[in-house]
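To start, the structure under review is shown below, and the notes come after it.
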Amino acid sequence: MNSLGLRRTLAAAGISLAALLAGQGMAQAQEATFVIATNEVGAPTYNPIKASNLNIGTTLIFDRLVSQDADLSFHPWLAESWEEAPDGMSWTFHLKKGVKFHNGEPFNAETIVKWLDLFKASENAYMTKAIDKVEVVDDLTVKFVMSHPEPNLLYNFSSSYLSVIEPKSFAALGDNYGVTEVYGTGPFKLESFTVGQETVLVRNEDYAWASPLAKNRGPAKIAKLTLREIAEDSTAFLELKSGGVDMLLGVPTDFLGEVKAQENLAVVTLPGTDVAYMPINVTKEPFTDIRVREAAAKAINQKEILESVYGGVGEVANTFLISALPESHVDAKYKIAYDPDRSNALLDEAGWKKGADGVRAKDGKPLKVSLWTQSDTSFRRLTEVVQAELKAVGIDSDITTFDSSAIRDQYKSGTQQLAVRSYDWDNADIIDWFFGGDRLGYPNISMFNDPKAETLRTAALSGSKNMEERVKNFKAYHEYVLSQFPMAPIYQPVASVSYNKDRLVLPAEIHAPSVGATVIMDMEVKE
């Protein structure tokens with residue numbers, strides 16, 4: 001239809017062309033494009049029951065029973081309130097009324113029973129293992145009867161892995177749930193998902209039950225949100241700089257200066273929940289020898305890396321946990337820090353002698369190992385520094401780079417010797433996740449399976465009556481793992497998010513540990 005015909009048609013309907021164009025401008029202004037953090041690239045599904053890696057889209061499609069503030073305190077969400085029995089052997093949760101899933105199914109107490117029953121068969125079942133049974137008190141009240149006290153229950157219910165799914169569609173869709181279709185109660189619905197490329201979400205117009213940590217009670221102010229997956233940090237930055245995207249949900253520290261130099265870009269910095277580290281495969285020679293593992297771990301100069309790679313932004317890591325967690329405050333003798341004299345002495349003791357080229361050898365075999373990393377710029381830069389520091393004590397390493405979206409599958413082979421990677425988590429149970437004997441390959445990249453560690457792990461996960469005991473038990477588990485050197489901690493970054501301030505308005509205060517549903521609910525797109 002030509003413009004004259006369009007004007008006549010609109011006039012007959014009582015609509016001006018100007019009004020239509022204004023409406024189109026408004027609709028476009030409500031759309032935004034974000035780039036997800038590189039450590040979330042390649043998530044193969046939005047099915048929280050089956051996933052071992054989820055991206056931010058999960059927090060927008062699904063709600064949780066509990067929300068968490070930036071200070072790590074817990075607040076209502078799909079649960080309006082809860083009470084714990086004095087002995088810790090039961091919890092009663094009171095649910096919000098009027099909540100519906102994207103497919104129209106009601107959210108109620110029966111949903112909780114069916115959802116948690118499905119979760120028992122998942123890789124993440126440890127998060128609900130302490131719940132012996134779920135009793136329906138009434139349509140909006142459930143009682144969790146515990147097999148043992150679980151001081152970490154509220155944290156678990158705030159986790160994206162315990163996103164509340166719609167059980168009927170889960171059963172009907174099978175393996176397609178979370179890939180072709182997915183139904184939660186969250187502020188956004190899934191429109192399309194291309195693994196490793198992008199996710200398109202559209203606003204849930206019926207949403208009216210946001211966490212009280214968000215000012216906006218719903219629906220979201222953004223009508224359509226595209227989440228792009230760009231594994232290369234420099235490419236993502238160029239997209240932000242050119243206006244191709246509106247926000248980067250993860251900005252490497254070495255890009256902060258370039259971002260801040262752009263007048264139209266702003267940076268939000270949050271306390272970090274990441275740790276970069278070097279997993280050491282304890283089942284591969286020469287790292288079956290704890291002396292060689294310790295030598296490799298203590299060859300890493302965390303302070304030099306902080307200054308030279310990250311410009312002093314962030315902090316060194318000398319345990320496996322973020323420093324905000326009390327379980328990270330281990331006895332000083334267990335902290336892993338740079339000590340080249342100790343590294344050299346251990347390698348000498350283990351029979352690895354330095355040659356004229358600086359590379360050690362034993363029985364005519366050079367000390368040459370593989371060092372895996374992923375393809376984005378920040379990991380490659382860090383890995384090159386680690387390679388040089390290992391070489392300084394006589395360990396020669398060959399870097400192998402994998403696409404960020406594919407490296408997790410490579411880890412499952414268990415053939416790597418060393419690697420450089422990071423995790424993003426703010427709870428001590430991450431030690432269980434990466435060093436539990438029943439998770440060899442991935443996520444237990446270190447292939448660590450130690451009887452004493454398993455005993456301490458059991459005590460930490462299920463032998464604590466209260467939070468004080470849990471901290472004590474996890475600290476003991478953490479200290480023992482550190483003493484066996486299945487990894488070397490390297491760096492703890494801050495979490496930096498950058499956005500186009502000509503396009504987006506962020507809330508004045510961030511009431512969440514990271515940018516997710518609570519924060520995005522209060523975001524606005526400028527016209």
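The values are calculated or read from the model by the stated rules, or taken from the named source; none is laboratory data. Note that the structure is a prediction, hence the values are computed from the model and not measured. Cβ atoms come from the backbone with ideal geometry, glycine included; neighbour counts cover every protein chain shown.
Of these, V268, V275, which one is out of contact with any Asp or Glu (no Cβ under 6 Å at 6 or more places or on another chain) and either crowded, with 20+ Cβ neighbours inside 10 Å or part of a loop (DSSP other than H, G, I, E, B) (or both)? Spell out the reasoning first.
Values: V268 fails: either crowded, with 20+ Cβ neighbours inside 10 Å or part of a loop (DSSP other than H, G, I, E, B) (or both).
Step by step, each of V268, V275 is checked, and only V275 is out of contact with any Asp or Glu (no Cβ under 6 Å at 6 or more places or on another chain) and either crowded, with 20+ Cβ neighbours inside 10 Å or part of a loop (DSSP other than H, G, I, E, B) (or both).
Before we move on, is G186 under 26 Å from K97 (Cβ atoms), in contact (Cβ under 8 Å) with a residue 40 or more places away in the chain, surrounded by 22 or more Cβ atoms within 10 Å (Cβ to Cβ) and of a type outside the set (D, E, K, R)? The answer is yes for G186. Note on the stretch 177-196: residues that are over 21 Å from M521 (Cβ atoms) and in a loop (DSSP other than H, G, I, E, B) total 5.
One residue stands out in the stretch 219-238 among those that are of a type in the set (V, I, T) and either assigned to a loop (DSSP other than H, G, I, E, B) or outside the structural domain of A517 (by TED's automatic domain parsing) (or both): the one that is modelled with the lowest pLDDT, namely I230. With respect to the conditions (1) surrounded by fewer than 20 Cβ atoms within 10 Å (Cβ to Cβ); (2) touching a Lys or Arg at 6+ places or on another chain (Cβ under 9 Å); (3) in a loop (DSSP other than H, G, I, E, B), T283 lacks only one, and its number is (2). Restricting the first member to the stretch 199-217 and to residues that are in the same structural domain as M523 (by TED's automatic domain parsing), and the second to residues that are hydroxyl-bearing (S, T, Y), the beta-carbon pairs closer than 7 Å and six or more apart or on different chains are V200/S192; V200/T226; S211/S67; S211/T518; L213/S67; L213/T518; A214/T518.
Being in the same structural domain as P76 (by TED's automatic domain parsing), part of a loop (DSSP other than H, G, I, E, B) and crowded, with 17+ Cβ neighbours inside 10 Å: is that true of I112 here? For I112, the condition - in the same structural domain as P76 (by TED's automatic domain parsing), part of a loop (DSSP other than H, G, I, E, B) and crowded, with 17+ Cβ neighbours inside 10 Å - is not met.
Taking the stretch 290-346 as the region of interest, how many residues are assigned to a helix (DSSP H, G or I) and touching a helix residue (DSSP H, G or I) at 6+ places or on another chain (Cβ under 9 Å)?
Residues meeting the conditions: 22.
In the stretch 397-415 there is at least one residue that is in contact with a Lys or Arg (Cβ under 7 Å, 6 or more places away or on another chain), closer than 22 Å to E40 by Cβ, modelled with pLDDT under 95 and surrounded by fewer than 22 Cβ atoms within 10 Å (Cβ to Cβ).
Among the residues of the stretch 372-391, which ones are among the aliphatic types (A, V, I, L, M) and within 15 Å of V292 (Cα to Cα)?
From the stretch 372-391, those among the aliphatic types (A, V, I, L, M) are 382, 385-386, 388, 390; that's our starting set.
L390, the sole residue that qualifies.
Within the stretch 54-75, being surrounded by fewer than 19 Cβ atoms within 10 Å (Cβ to Cβ) and either part of a strand (DSSP E or B) or touching a Gly at 6+ places or on another chain (Cβ under 7 Å) (or both) holds for F74, H75. Residue under question is T401, and the condition is that it be in a strand (DSSP E or B), farther than 24 Å from T273 by Cα and either among the small types (G, A, S) or free of Cβ contacts under 8 Å to residues at least 60 places away in the same chain (or both); does it hold? So T401 fits the description; yes.
Do we have R342 as surrounded by fewer than 21 Cβ atoms within 10 Å (Cβ to Cβ), in contact (Cβ under 8 Å) with a residue 24 or more places away in the chain, of a type in the set (K, R) and farther than 14 Å from V275 by Cα here?
yes
For L173, are the conditions met, namely being part of a helix (DSSP H, G or I), assigned by TED's automatic domain parsing to the domain that holds T518 and not acidic (D, E)? So L173 passes the test. Restricting the stretch 424-466 to residues that are outside any loop (DSSP other than H, G, I, E, B) and at pLDDT below 90, the residue that is surrounded by the most Cβ atoms within 10 Å (Cβ to Cβ) is L461.
For the stretch 283-339, filtering for residues that are within 30 Å of E258 (Cβ to Cβ) and free of Cβ contacts under 8 Å to residues at least 60 places away in the same chain leaves 5.
So that you can scan it fast, the table gives a plain yes or no per residue for (1) over 26 Å from A460 (Cβ atoms); (2) buried (at least 21 other Cβ atoms within 10 Å of the Cβ); (3) at pLDDT 95 or above; (4) not small (G, A, S):
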| position | (1), (2), (3), (4) |
| --- | --- |
| A297 | no, yes, yes, no |
| K303 | yes, no, yes, yes |
| E307 | yes, no, no, yes |
| Y310 | yes, yes, no, yes |
| G314 | yes, no, no, no |
| T319 | no, yes, yes, yes |
| I322 | no, yes, no, yes |
| P326 | no, no, no, yes |
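Candidates are the residues of the stretch 167-183 that are over 23 Å from E40 (Cβ atoms) and in contact (Cβ under 8 Å) with a residue 60 or more places away in the chain; the one that is surrounded by the fewest Cβ atoms within 10 Å (Cβ to Cβ) is K168. In the set (1) over 27 Å from the mean Cα position of the chain (by Cα); (2) part of a loop (DSSP other than H, G, I, E, B), V142 fails one condition alone, (2).
Is it the case that the stretch 418-431 has a residue that's more than 29 Å from L270 (Cβ to Cβ), of a type in the set (A, V, I, L, M), touching a helix residue (DSSP H, G or I) at 6+ places or on another chain (Cβ under 9 Å) and in contact (Cβ under 8 Å) with a residue 60 or more places away in the chain? Yes: the stretch 418-431 contains one or more residues that are more than 29 Å from L270 (Cβ to Cβ), of a type in the set (A, V, I, L, M), touching a helix residue (DSSP H, G or I) at 6+ places or on another chain (Cβ under 9 Å) and in contact (Cβ under 8 Å) with a residue 60 or more places away in the chain. The number of residues in the stretch 39-84 that are hydrophobic (A, V, I, L, M, F, W, C) and at pLDDT 95 or above comes to 9.
Conditions (1) closer than 13 Å to L60 by Cα; (2) out of contact with any helix residue (DSSP H, G or I) (no Cβ under 8 Å at 6 or more places or on another chain); (3) at pLDDT 95 or above, marked per residue:
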position: S159; (1), (2), (3): yes, no, no
position: I165; (1), (2), (3): yes, no, no
position: L173; (1), (2), (3): no, yes, no
position: Y177; (1), (2), (3): no, no, no
position: T180; (1), (2), (3): no, no, no
position: Y183; (1), (2), (3): yes, no, yes
position: F188; (1), (2), (3): yes, no, yes
position: T194; (1), (2), (3): no, yes, no
position: N204; (1), (2), (3): yes, yes, yes
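Residue under question is S413, and the condition is that it be in a loop (DSSP other than H, G, I, E, B), under 21 Å from the mean Cα position of the chain (by Cα), closer than 19 Å to N53 by Cα and assigned by TED's automatic domain parsing to the domain that holds S308; does it hold? Against the criterion (in a loop (DSSP other than H, G, I, E, B), under 21 Å from the mean Cα position of the chain (by Cα), closer than 19 Å to N53 by Cα and assigned by TED's automatic domain parsing to the domain that holds S308), S413 does not qualify.
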